[in-house]
Amino acid sequence: GESVGLHLPTLSVQEGDNSIINCAYSNSASDYFIWYKQESGKGPQFIIDIRSNMDKRQGQRVTVLLNKTVKHLSLQIAATQPGDSAVYFCAETAPGGSYIPTFGRGTSLIVHP
Amino acid sequence: DAGITQSPRHKVTETGTPVTLRCHQTENHRYMYWYRQDPGHGLRLIHYSYGVKDTDKGEVSDGYSVSRSKTEDFLLTLESATSSQTSVYFCAISPDRARETQYFGPGTRLLVL
């Protein structure tokens, strides 16, 4: 979920488990979504994207699910590894205008060996 | 980091001094962006550029100026740094045919004393 304060929501999992990170987006007109991974001290890294004409998209070990009815996005990571430990955040973009996304605050994923 | 470099990577400066951060890309993309990232906030847009000498303000542009004299370079200047500008600054670029997809640089950590 999204942070409402200084501290990010945290998800702790064991290595090998599946992880699900959630994002509630704000604009019902948004039609393009990205998940980013940000490791400590690094810039955000593009993981996977999805357009609003899709409900699901799969990548390598990751799946993004989009529920437009409730404006909810999730990122599923299969067989989570210690290298997956990072902050994950979503970005939404509405059509038209400047195509500049709105970014969520993120969720911290901690993977225990 | 998608052919994006930022310099310096770390900077400590004193209140009232000017500071310039540089973003350099090797992708030849038209669109470049400057964001700041602070605890409790998602990435916030400072300024962006849609071509050489074409720039526009973002949501937190006060106290910042930008310049783009070449496609590959986008400069962010703090004319007179304040402690509230202590932050991590990220540059991003987006492809001309996929403007809503942004790729980020490694960031610059700025501390204003």
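The values are calculated or read from the model by the stated rules, or taken from the named source; none is laboratory data. No experiment lies behind these values; they were computed from the predicted model shown. Virtual Cβ from ideal backbone geometry, glycine too; neighbours counted across all protein chains shown. These area figures cover heavy atoms from the full protein model, side chains too; ligands, DNA and RNA do not enter into them. Shrake-Rupley method; radii C 1.70, N 1.55, O 1.52, S 1.80 Å.
Annotations for the structure displayed:
- Over all distinct Cα-Cα pairs of the protein assembly as shown, the Kirkwood formula returns a hydrodynamic radius of 18.1 Å.
- Relative contact order computed over chain B (Cα-Cα under 8 Å; 6+ residues apart), in percent: 36
- In order along the stretch B:66-73, the phi-based Karplus estimate (6.51 cos²θ - 1.76 cosθ + 1.60, θ = phi - 60°) of 3J(HN,Hα) comes to 9, 8, 9, 9, 9, 3, 7, 10 Hz; Gly and Pro are listed as x.
- A cut-off of 5 Å between modelled amide H atoms, ignoring neighbours fewer than 5 places along the same chain, links A:Tyr25 with A:His72, A:Leu73.
- Per-residue mean of C-beta atoms belonging to partner chains within 10 Å, peptide A:42-48: 6
- Accessible-area composition of the stretch A:45-113, carbon plus sulfur, in percent [1.4 Å probe]: 49
- The value of relative contact order for chain A, using C-alpha pairs under 8 Å at least six residues apart, is 37 percent.
- Cα-centre dipole for the protein assembly as shown with unit charges at Cβ (Lys and Arg positive, Asp and Glu negative), debye to 20: 200
- Only alpha carbons enter this Debye calculation for chain B, each as an equal point scatterer, and the log10 of I(q)/I(0) it gives at q = 0.11, 0.12 Å⁻¹ is -0.30, -0.36.
- Positive minus negative residues near B:Pro8 (Lys, Arg vs Asp, Glu; Cβ under 12 Å): +4
- One quarter of the convex hull surface built on the alpha carbon atoms of chain A amounts to 7.1 nm², the projected area averaged over directions.
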